[in-house]
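Taking it in order: structure first as structure tokens, then the write-up.
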Amino acid sequence: MEKSLTWSEFEKTEMRIGTILEVKDFPEARKPAYQLTIDFGAEIGIRKSSAQITKRYSKEDLIGKQIVAVVNFPKKQIGTFMSECLVLGSVGHDNDIVLLVSDFKVENGLRIG
């Protein structure tokens, strides 16, 4: 394990709940991925992200799903696409990712803490 974070360092990470509104294929990505459009509520708004979650999730499965993402990382250019947040998930063997989700429907933009 790497060096532990301090509590104040952890508090700077803004993990929020968002609802996936749109999912597109991302054929230009080096590894199979989707382009996601996610609603994080009135305060944060709509953000886009690239996510390598094609092994476990179909596009239809993802629409309306509430996920957890980090919304205060710098934007990242991925090919022709600008990723604006980092969708979180557990990473298993062969990059098999299981998304972190809310058990119950909650307000978009709620902070994880």
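The values are calculated or read from the model by the stated rules, or taken from the named source; none is laboratory data. Keep in mind it's a predicted model, so treat the numbers as computed, not measured. Here the Cβ is made from the backbone with ideal geometry for all residues, glycine too, and neighbour counts use every protein chain on show.
Scanning for something in a loop (DSSP other than H, G, I, E, B), in contact (Cβ under 8 Å) with a residue 40 or more places away in the chain and in contact with a Phe, Trp or Tyr (Cβ under 9 Å, 6 or more places away or on another chain), does the range 83-95 turn up at least one residue? Yes - at least one qualifying residue is present in the range 83-95. Residue-level analysis places residue 73 among those that are without any contact (Cβ under 8 Å) to a residue 60 or more places away in the chain, part of a loop (DSSP other than H, G, I, E, B) and either under 13 Å from the mean Cα position of the chain (by Cα) or surrounded by 12 or more Cβ atoms within 10 Å (Cβ to Cβ) (or both).
Looking only at the range 33-46, decide whether some residue is at positive phi and either part of a helix (DSSP H, G or I) or touching a Pro at 6+ places or on another chain (Cβ under 7 Å) (or both). Scanning the range 33-46 turns up at least one residue that is at positive phi and either part of a helix (DSSP H, G or I) or touching a Pro at 6+ places or on another chain (Cβ under 7 Å) (or both). Check the range 104-111 and report whether any residue there is in contact with a Phe, Trp or Tyr (Cβ under 6 Å, 6 or more places away or on another chain), at pLDDT 95 or above, more than 20 Å from residue 26 (Cα to Cα) and among the small types (Gly, Ala, Ser). Scanning the range 104-111, I find at least one residue that is in contact with a Phe, Trp or Tyr (Cβ under 6 Å, 6 or more places away or on another chain), at pLDDT 95 or above, more than 20 Å from residue 26 (Cα to Cα) and among the small types (Gly, Ala, Ser), so the answer is yes.
Mind checking whether some residue in the range 56-65 is without any contact (Cβ under 8 Å) to a residue 60 or more places away in the chain and part of a strand (DSSP E or B)? No. A search for C-beta distances below 7 Å between a residue of the range 1-18 that is in contact (Cβ under 8 Å) with a residue 24 or more places away in the chain and any residue that is surrounded by 10 or more Cβ atoms within 10 Å (Cβ to Cβ) and in a helix (DSSP H, G or I), counting only pairs 6+ apart in sequence or on different chains, returns 16/44.
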